[in-house]
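To keep things clear, I will list the structure first and then write my remarks on it.
The values are calculated or read from the model by the stated rules, or taken from the named source; none is laboratory data. Computed from a prediction, not measured in an experiment: that's the story for all the values here. No Cβ is skipped: glycine too gets one built from the backbone with ideal geometry, and neighbour counts run over all protein chains shown.
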Amino acid sequence: MGLGSGGPIEMSSSQVDLLVADTGYAGPWYSVQLQLNGLGTTRSWYAQIGYHSEDGHLGVHCQAYSYSSPDTCLFWQNIERPVGFDEWHTFKIEVVSTGEGWQYAFRYLLDGEDVCHYQPPDRWDGDNSYNAFQRGVEIWVDGYVPSESPPIQVLLDNHYGY
């Protein structure tokens with residue numbers, strides 16, 4: 001579910017409200033997250049914040065990765081804040097101008113609280129092409145999804161998705 005709106009990275013901050021319903025079923029590992037995608041000169045990069053499953057419980061994480069910089073490992077951080085099923089939470093990624101590294105950093109917020117920060121290294125996206133091409137929500141499931149698995153509801157720019 002994406003907005004598909006592209007533009008300069010300094011105008012690409014985005015937020016979404018997400019809820020995962022409790023069905024009592026643990027299901028496979030999954031994640032549902034706000035995603036900001038951008039283009040490097042070679043490939044693309046992404047920054048994400050959202051939920052992930054942990055043996056039937058919800059956790060929150062933030063992450064970033066550049067496909068143009070294979071020597072830069074995936075940035076991943078668990079957020080030590082309890083979240084539950086059937087609760088709406090607001091996830092936000094702010095793009096912050098800096099004078100170091102990649103010249104921009106990602107600030108991740110959960111319900112308005114600053115929970116994570118990532119400063120990409122220099123030449124993180126290949127040749128510093130500072131363009132975002134999509135803002136939206138990614139749902140990723142590892143394996144088969146039975147019909148009794150928890151529904152995920154998304155509120156993005158006043159539009160609901162399931």
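Per-structure values
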quantity	calculated
Filter result (among the β-branched types (Val, Ile, Thr) and under 12 Å from PHE75 (Cα atoms)) within segment 43-64	ILE49
Only one of GLN119, GLN77, GLN103 that is surrounded by 12 or more Cβ atoms within 10 Å (Cβ to Cβ) and within 12 Å of the chain's Cα centre (by Cα)	GLN77
Of all residues in segment 30-45 being over 23 Å from THR90 (Cα atoms) and either part of a strand (DSSP E or B) or under 16 Å from the mean Cα position of the chain (by Cα) (or both), the one that is modelled with the lowest pLDDT	LEU39
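For (1) closer than 19 Å to TRP140 by Cβ; (2) assigned to a strand (DSSP E or B); (3) out of contact with any strand residue (DSSP E or B) (no Cβ under 7 Å at 6 or more places or on another chain); (4) at pLDDT below 85, each residue gets a yes or a no:
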position	(1), (2), (3), (4)
PRO28	yes, no, no, yes
ALA47	yes, yes, no, no
SER53	yes, yes, no, yes
ILE93	yes, yes, no, no
TYR108	yes, yes, no, no
